[in-house]
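Colleague: The structure under discussion is supplied below as structure tokens; questions concerning it will follow.
The values are calculated or read from the model by the stated rules, or taken from the named source; none is laboratory data. What you see is a predicted model, and the numbers here were worked out from it, not measured in a lab. Quick reminder, even Gly has a Cβ in these numbers, built from the backbone with ideal geometry, and neighbours come from all protein chains shown. To get the accessible areas, we keep the full protein, side chains included, count just its heavy atoms, and leave off ligands, DNA and RNA. Shrake-Rupley method; radii C 1.70, N 1.55, O 1.52, S 1.80 Å.
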Protein chains: 2
Amino acid sequence: MVNLRDHDRVTGALAQVAGRLGWDQETVMPRGAAAQRGDEMAAMEAVLHARRSDPRLGEWLAAADTQAAEAQDKGLLRQIALYHDRACRVPGELASELARVTSLAQGVWAEARAAEDVAAFLPTLSRVVELRREEADALSAGRDLAPYDALLNDYEPGATQETLGAMFDALRPGLVQLREAIAGSGIETPTLPEHRFEPEVQLALASEIAGVFGYDLSRGRLDRAVHPFSSGSGADVRITTRTDATDPFNCLYSTIHEVGHACYEQTVAPEFALSALGQGASMGVHESQSRIYENQLGRSRAFTGWLYGRMRDTFGDFGVADPETFYRIVNRVAPGHIRTEADEVHYNLHVMLRFDLERRLIDGSLAVGDLEETWNSRFASDFGIAVDRPSHGLLQDVHWSVGLFGYFPTYTLGNVYAGCLNAAMRRDLPDLDAALARGETGEATTWLGRNLQQYGALHQPRALIELATGKPPEVAPLLEYLRAKFGDLYGLKLD
Amino acid sequence: MVNLRDHDRVTGALAQVAGRLGWDQETVMPRGAAAQRGDEMAAMEAVLHARRSDPRLGEWLAAADTQAAEAQDKGLLRQIALYHDRACRVPGELASELARVTSLAQGVWAEARAAEDVAAFLPTLSRVVELRREEADALSAGRDLAPYDALLNDYEPGATQETLGAMFDALRPGLVQLREAIAGSGIETPTLPEHRFEPEVQLALASEIAGVFGYDLSRGRLDRAVHPFSSGSGADVRITTRTDATDPFNCLYSTIHEVGHACYEQTVAPEFALSALGQGASMGVHESQSRIYENQLGRSRAFTGWLYGRMRDTFGDFGVADPETFYRIVNRVAPGHIRTEADEVHYNLHVMLRFDLERRLIDGSLAVGDLEETWNSRFASDFGIAVDRPSHGLLQDVHWSVGLFGYFPTYTLGNVYAGCLNAAMRRDLPDLDAALARGETGEATTWLGRNLQQYGALHQPRALIELATGKPPEVAPLLEYLRAKFGDLYGLKLD
């Protein structure tokens with residue numbers, strides 16, 4: 001195990017370096033450096049690929065006595081075997097080329113989005129899709145695994161489009177029913193009055209709230225970027241946010257969301273640092289943390305009561321009369337174009353749209369050239385409103401430009417996990433709301449840290465949720481939570 | 001050549017990544033990430049060491065026909081052979097350990113400096129000295145080369161302590177004579193009146209002046225750091241500066257200095273990018289650029305006349321009546337503790353002190369425990385003033401903490417080169433002062449770009465200076481420049 005352990009930690013350190021290049025690109029990189037950055041990313045990917053496909057790993061794995069191994073070693077062996085197998089299947093040149101192309105594609109996407117120019121993006125997207133299909137073929141060759149599922153497994157080990165599809169099918173009717181009941185309730189939720197919220201002041205408040213949720217800024221930092229994200233593991237976990245002078249919730253809730261991701265990484269047991277166990281268990285589990293911080297905690301009536309007070313202290317009278325109105329504004333349900341700004345009822349419908357389209361891009365039944373029209377007609381049918389511009393449609397998310405196919409469904413999976421975790425946490429912490437109302441999240445974050453976050457990637461995703469909640473994951477708790485919360489807000493009688 | 005070229009460019013890309021980790025550490029890294037960063041630096045150094053010592057490089061180099069090769073290929077083969085030989089001599093574990101220890105040592109030094117606590121720094125410095133001595137032994141083993149010279153060669157290929165020592169001996173009497181003549185002139189140079197120069201405004205002006213000297217911010221950036229530095233090559237060359245609210249020259253002239261380094265890197269021929277030729281020829285040549293930008297151009301009477309006007313526009317009346325007084329303030333000669341703030345007459349005396357002490361640290365005749373006392377007594381004898389606190393003495397520079405032994409003398413060598421280049425440039429550009437007086441540096445920077453910067457590492461340092469100036473480097477032009485400038489300022493009659 002010593003050889004494996006040492007080799008794995010050095011790989012982990014290099015993966016942190018490569019990840020930080022991504023952070024740098026999104027926050028501080030000079031715009032003229034894009035092409036060189038592509039070469040740098042490709043070179044780092046080649047290094048990582050060579051390490052992960054190192055034949056000695058295969059020998060050491062074969063020699064390791066998994067029967068005798070302790071639980072911690074078993075988990076480590078599983079995770080190393082996973083990346084070793086993956087790297088052995090994908091040619092190094094393809095891995096490098098993907099790193100180069102996606103690094104450049106990100107800039108192309110950002111420019112196309114700013115210019116509302118789908119045509120400027122499509123050739124690049126075609127190339128990314130082509131390379132990822134090639135990779136999916138390499139990953140699934142000779143295995144009973146669909147190419148799309150091979151990609152999905154990068155983000156959610158063990159998941160398939162079938163099991164996720166079944167989960168989404170179970171979820172969808174409940175969401176649609178809830179949405180329609182809300183639309184038919186006749187209740188008009190208030191919106192935020194027009195007011196200017198100074199961006200620098202938003203950032204200062206976001207930084208304070210990050211601390212309230214337990215984010216340790218001595219091992220992280222908060223910067224601005226086009227797309228909010230969390231990056232890094234161990235002692236250097238950085239988050240970004242963005243500001244809109246008329247909508248402070250964009251900044252504040254994206255910060256709380258990213259803090260959920262970042263706190264997960266910061267809470268993984270220190271002895272796992274830089275190893276294959278020193279990171280979240282999967283993207284789905286990761287998203288469960290970001291969503292539970294953002295929604296079940298951050299948008300709860302109790303916490304929004306405290307936040308309302310802090311916003312009054314910070315911004316003065318911003319036209320919202322009382323905490324209950326504030327709570328209703330923060331939880332307003334309405335169809336909209338943007339996934340990241342969607343309410344809890346609509347959010348997963350955005351994800352399902354992407355899930356369905358990206359599967360067809362990867363299986364070849366949908367051409368990139370037809371993507372915009374397909375997106376727009378599906379959107380109109382799902383949401384009842386038309387896409388008015390590309391940045392409100394196909395160009396809104398960075399994911400596909402950087403090759404993240406198979407990633408979107410983990411968002412909804414994360415919401416389902418968050419529902420399960422929230423039910424278990426509320427059962428264990430009956431007085432949580434009293435603490436949240438004082439702006440104290442420690443009880444909740446400690447519960448999540450102890451029951452889930454500390455384990456890093458030691459357990460597989462479903463097993464981890466079961467360990468934390470006592471039950472296998474299921475959609476019911478999320479639906480129950482949503483029905484209770486929005487039933488109350490909109491005075492619904494739901495059967 | 002194709003194999004060599006491709007291999008070299010990937011190594012170059014990875015070296016850029018490693019260098020940017022250093023930038024990150026000095027500008028944006030969370031303080032709690034220091035230990036992990038040491039592991040990351042060590043892992044990157046191991047990757048670079050493995051690439052540079054790759055046995056295939058030796059085979060390809062042996063097979064390359066250096067006789068038939070074009071000049072460009074000859075230069076590339078020479079540079080690759082240089083790093084290959086170096087990497088083969090130094091054990092990979094030592095290279096990694098040095099990267100880890102110096103990454104951590106930098107933080108220890110910064111804290112010790114802030115606390116004025118030499119004792120807190122010495123154990124770390126001892127370890128760095130020990131590792132670098134070990135490396136120097138590995139580099140010089142079996143060669144007719146002193147260990148210190150092996151380190152020096154990392155920064156200045158072909159230089160030895162003997163040739164540099166002889167050059168410094170030729171320079172020193174002239175500097176001492178000049179300093180004494182100034183002290184005996186009875187002329188008191190004015191100093192900057194007390195005034196507050198808003199740091200953010202200083203930074204904005206520094207950014208403007210960086211542009212005036214040709215620094216391309218679309219391929220770079222300007223940030224604050226404890227120690228001003230320039231970092232990176234090709235399309236991503238970043239500089240840092242620092243601000244002092246009562247002394248804007250600290251910010252402005254350190255910016256011009258770093259811009260000299262950065263413009264050199266930005267002006268190297270694009271076809272050399274990421275290759276072993278895609279960087280400055282040596283640290284001495286690099287310093288010639290930073291010093292000529294800072295001093296021969298930036299502190300000239302012509303340019304300071306323009307700068308005076310811009311500072312009046314920017315800061316209003318700051319208590320300096322006219323451009324001539326401003327010129328005298330900017331060029332005031334007085335002994336001081338800090339190398340980076342020293343005037344042009346004293347600067348090289350600071351370097352000579354360090355050169356003499358660090359040679360003894362490396363040859364073992366001076367123990368780290370005796371360093372402070374030796375520094376302080378040598379300083380008192382050279383400068384006639386006592387060191388009043390460690391941050392004004394031994395702890396002022398970051399260099400030794402990060403293992404840069406053999407680096408300091410390249411500063412004085414750079415001044416000597418700058419003297420040669422300035423004489424040749426002034427001969428070719430008789431009307432330069434008229435342009436500088438309008439804040440136009442283009443004639444000068446174009447001259448430097450065409451005659452020197454574009455070549456990158458194609459030529460060896462002395463050959464490059466000869467190519468640019470038509471003569472081998474010598475100390476006389478620097479001394480003549482200093483005597484003319486300060487003789488005029490202080491009304492001296494020098495024989």
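Colleague: With no solvent and one point on each alpha carbon, what is the Debye value of log10 I(q)/I(0) for the stretch B:163-206 at q = 0.16, 0.32 Å⁻¹?
Modeller: Debye output, listed in q order: -0.71, -1.07.
Colleague: Shifting gears a bit: Dipole magnitude of the stretch B:398-495 about its Cα centre, charges +1 at Lys/Arg Cβ and -1 at Asp/Glu Cβ only, in debye to the nearest 20?
Modeller: Working: 9 positive and 10 negative charges, 31 e Å.
Charge dipole of the stretch B:398-495: 140 debye, to the nearest 20.
Colleague: Note down the Stokes-Einstein diffusion coefficient of the stretch B:161-489 in µm²/s, whole number, using a Kirkwood radius over alpha carbon pairs, 10 °C, and 1.306 mPa s.
Modeller: Value of D from the Cα-based Kirkwood radius: 78 µm²/s.
Colleague: Determine ³J(HN,Hα), in whole Hz, for all residues of the stretch B:478-489 in sequence, where each value follows from phi through the Karplus function 6.51 cos²θ - 1.76 cosθ + 1.60 and θ = phi - 60°; x replaces Gly and Pro.
Modeller: Couplings: 5, 4, 4, 4, 5, 5, 5, 5, 7, x, 5, 4 Hz.
Colleague: If you don't mind, there's one more thing I want to ask. Assume the label is 7 Å from Cα along Cα to beta carbon: what separations in nm does A:GLU324 have to the matching positions in the other copies?
Modeller: In ascending order, 8.0 nm.
Colleague: If one computes the Cα centroid of the stretch A:1-76 and of the stretch A:425-495, what distance in Å separates the two points?
Modeller: 33 Å
Colleague: Axis carrying B onto A: which residue of B has the nearest Cβ, and how far, whole Å?
Modeller: Output: B:VAL47, 3.
Colleague: Could you work out the relative contact order of chain B? I mean the mean sequence separation of Cα pairs under 8 Å and 6+ apart, divided by the number of residues, in percent.
Modeller: 20 percent
Colleague: Just the ratio, please: alpha-carbon radius of gyration of the stretch A:107-244 over 2.2 N^0.38 Å, N its number of residues.
Modeller: Working: Rg = 21.4 Å, N = 138, 2.2 N^0.38 = 14.3 Å.
Rounded to two decimals, the normalised Rg is 1.49.
Colleague: Compute the label-point distances linking A:GLU130 to its equivalents in the other copies; points lie 7 Å from Cα along Cα→Cβ; give nm, one decimal, shortest first.
Modeller: 5.7
Colleague: Quick one: what do you get for the stretch B:318-423 if you divide its Cα Rg by 2.2 N^0.38 Å? Please list the in-between numbers first.
Modeller: Values: Rg = 15.9 Å, N = 106, 2.2 N^0.38 = 12.9 Å.
Ratio of Rg to 2.2 N^0.38 Å for the stretch B:318-423: 1.23.
Colleague: Which percent of Cα-Cα pairs in the stretch A:1-71 sits in each 5 Å bin, short to long?
Modeller: 3, 14, 20, 17, 13, 10, 8, 7, 4, 2, 0
Colleague: A further question on this structure: Name the residue from A:GLY142, A:LEU61, A:VAL2 whose Cα lies farthest towards the positive end of the charge dipole of the stretch A:2-155, charges +1 on Cβ of Lys and Arg and -1 on Cβ of Asp and Glu.
Modeller: Sorting the options by dipole projection puts first A:VAL2.
Colleague: Averaged across B:33-42, how many Cβ atoms of other chains sit within 10 Å of each residue's Cβ atom?
Modeller: Counting Cβ atoms of other protein chains within 10 Å of each residue's Cβ and averaging gives 6.
Colleague: Also: Give me the three principal axis extents of the protein assembly as shown from the C-alpha atoms, as integers in angstrom, largest value leading.
Modeller: For the protein assembly as shown, the Cα spread along each principal axis is 105, 66, 54 Å.
Colleague: I would also like to ask the following. If you take the charge dipole of the stretch A:161-489 about its Cα centre, with +1 on Lys and Arg Cβ and -1 on Asp and Glu Cβ, which of A:ALA181, A:ALA380, A:HIS392 is farthest toward its positive end?
Modeller: A:ALA181
Colleague: Peptide B:272-280: average number of partner chain Cβ atoms within 10 Å per residue?
Modeller: Numbers: counts 0, 3, 4, 0, 0, 0, 0, 0, 0.
That works out to 1 on average.
Colleague: Suppose every K and R has +1 on its Cβ and every D and E has -1 on its Cβ; what is the size of the dipole of the stretch B:2-155 about the Cα centre, in Debye to the nearest 20?
Modeller: 180 debye
Colleague: Kindly provide the Kirkwood hydrodynamic radius of the stretch B:2-155 in Å, to one decimal, from all pairs of distinct alpha carbon atoms.
Modeller: 17.2 Å
Colleague: Determine the per residue accessible area of the protein assembly as shown with all protein chains present and a 1.4 angstrom probe, expressed in square angstrom.
Modeller: Ligands and nucleic acids excluded, the figure is 38 Å² per residue.
Colleague: Per residue of the stretch B:190-202, in order, report the coupling 6.51 cos²θ - 1.76 cosθ + 1.60 (Karplus, θ = phi - 60°) as ³J(HN,Hα) in whole Hz, putting x for Gly and Pro.
Modeller: Values, residue by residue: x, 10, 5, x, 5, 6, 9, 10, 3, x, 5, 6, 4 Hz.
Colleague: Mind jotting down the distance between the C-alpha centroids of the stretch A:93-147 and the stretch B:112-152, whole Å?
Modeller: The stretch B:112-152 and the stretch A:93-147 have Cα centres spaced 48 Å from each other.
Colleague: Other chains near A:12-19: what is the mean number of their Cβ atoms within 10 Å of each residue's Cβ?
Modeller: 5
Colleague: Report, in deg cm²/dmol and to the nearest 500, the calculated mean residue ellipticity at 222 nm for chain B, where each DSSP H run with n ≥ 4 adds -39500 (n - 2.57) and the sum is divided by the residue count.
Modeller: Helix-only estimate at 222 nm: -20500 deg cm²/dmol.
Colleague: Ignoring ligands and nucleic acids, what accessible area does B:MET352 show with a 1.4 Å probe (Å², nearest 10)?
Modeller: We get 10 Å² for B:MET352.
Colleague: Then there is this: Please report, for A:GLN72, the nm distances (one decimal) from its label point, 7 Å out from Cα along the beta-carbon direction, to the equivalent points in the remaining copies, shortest first.
Modeller: 5.5
Colleague: Continuing with this model, one more query. Take the stretch A:329-369, compute every pairwise Cα distance, and split them into 5 Å bins from 0; I just need the percent in each bin.
Modeller: P(r) for the stretch A:329-369, in whole percents per bin: 5, 22, 24, 14, 13, 11, 5, 4, 0.
Colleague: Under the Kirkwood approximation for Rh and a Cα-based Rg, what ratio Rg/Rh is obtained for the stretch B:372-495?
Modeller: That ratio is 1.06, to two decimals.
Colleague: Place a +1 charge on the Cβ of each Lys and Arg in chain A and a -1 charge on the Cβ of each Asp and Glu, then give the dipole magnitude about the Cα centre in debye, rounded to the nearest 20.
Modeller: I would put it at about 420 debye.
Colleague: While we're on this one: So how much accessible surface do B and A hide from each other in total, probe 1.4 Å, in square angstrom to the nearest 100? The partial results should precede the final answer.
Modeller: Numbers: alone 19940 and 19900 Å², together 37320 Å².
By this definition, chains B and A bury close to 2500 Å².
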